[in-house]
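All remarks here apply to the structure that follows.
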Amino acid sequence: MTFFLREGGINWGGKEILNINVSPWEVITLTRNKVEICGVDTAKLPVLTNAEMRELFTALQTQNEWAAREKLVNGNLRLVLSVIQRFNNRGEFVDDLFQVGCIGLMKAIDNFDLSQNVKFSTYAVPMIIGEIRRYLRDNNPIRVSRSLRDIAYKALQVRDSLTNKNSREPTIFEISEALNVPKEDVVFALDAIQDPVSLFEPIYHDGGDPIYVMDQISDDKNKDVSWIEEIALREAMHKLNEREKMILSMRFFEGKTQMEVADEIGISQAQVSRLEKSAIQQMQKHVKT
């Protein structure tokens, strides 16, 4: 089975099957025999030891050996085949998803940093998933607003950049900080272009131990639900009128007393107390519904 990767698309057996922008590469032979991807026997695919992987990456990164890159691709096709299983109910051709997943694999190979002491599979799986999701997103018939798509595209680019830099998936906070966009906007944008996925869905079995979606994104910040609560509070505050918003902002964000708020707004302390209580009750009602 031979891929012809070139600028603007992928040719397989002389026929262009995908229109994807990739870097111009030469012909890459992935396996010796032509097989149907959906019928690949993973038991027959080559498996590389950690020592072999390190040796091949060293040869690739120091001497740019093309043969080393080919062996790394061959030795990690199991990753691609494992990942695409989670997308097999999307109505897409498995062959197409395999092609796209291989692009993600090759990007991971070209950008992997040995000095980070991270297993290649841990680094490559999010890259492969990201490439497939981009393909599905670009072919998604569901219309998403332009502003959300713009934020989502930028967030995905930043996510890939930070993943390459840190050899791990960035948190929502890190992405929002890099984009200078509120966390909730990043969450809404990414949610708009993706299907919901269970955090406990297995995406790869590494040596018999399953790797779950949660394993790829789990950290202290993502375990903390404070950002979800913040989104709910912001939505609730949007329901208030301007005076109520001002009072709550001065009381709970600026730390002012009711008397200080009353003096600044020009009403009595009793009125501030009533408006504050009413605003809080409205927000509580909104959050509970």
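The values are calculated or read from the model by the stated rules, or taken from the named source; none is laboratory data. Because the structure is a prediction, the values reported are computed rather than measured. Cβ: placed from backbone, ideal geometry, glycine included. Neighbour counts: every protein chain shown.
Tabulated data for the structure shown
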quantity	calculated
Of the criteria (1) closer than 30 Å to residue 186 by Cβ; (2) outside any loop (DSSP other than H, G, I, E, B); (3) modelled with pLDDT under 85, which one residue 101 fails	(3)
Selected residue (only one of 215, 224 is modelled with pLDDT under 85, surrounded by fewer than 14 Cβ atoms within 10 Å (Cβ to Cβ) and within 30 Å of residue 86 (Cα to Cα))	224
All positions within region 43-70 that are within 23 Å of residue 97 (Cβ to Cβ) and without any contact (Cβ under 8 Å) to a residue 24 or more places away in the chain	43, 44
Candidate set: region 172-202, residues that are modelled with pLDDT under 80 and of a type in the set (S, T, N, Q); chosen: the one surrounded by the fewest Cβ atoms within 10 Å (Cβ to Cβ)	198
Filter result (loosely packed, with under 15 Cβ neighbours inside 10 Å and outside any helix (DSSP H, G or I)) within region 42-64	46, 47, 49, 64
Region 100-125 - residue that is in contact with a strand residue (DSSP E or B) (Cβ under 9 Å, 6 or more places away or on another chain) and surrounded by fewer than 22 Cβ atoms within 10 Å (Cβ to Cβ) and, of those, nearest to residue 169 (Cα to Cα)	122
Condition check for residue 282: farther than 18 Å from residue 235 by Cβ, surrounded by 14 or more Cβ atoms within 10 Å (Cβ to Cβ) and either of a type in the set (A, V, I, L, M, F, W, C) or assigned by TED's automatic domain parsing to the domain that holds residue 234 (or both)	no
From 256, 245, 277, residue being modelled with pLDDT of 80 or more and part of a loop (DSSP other than H, G, I, E, B)	256
Tally, over region 245-270, of residues that are crowded, with 16+ Cβ neighbours inside 10 Å and over 26 Å from residue 188 (Cα atoms)	7
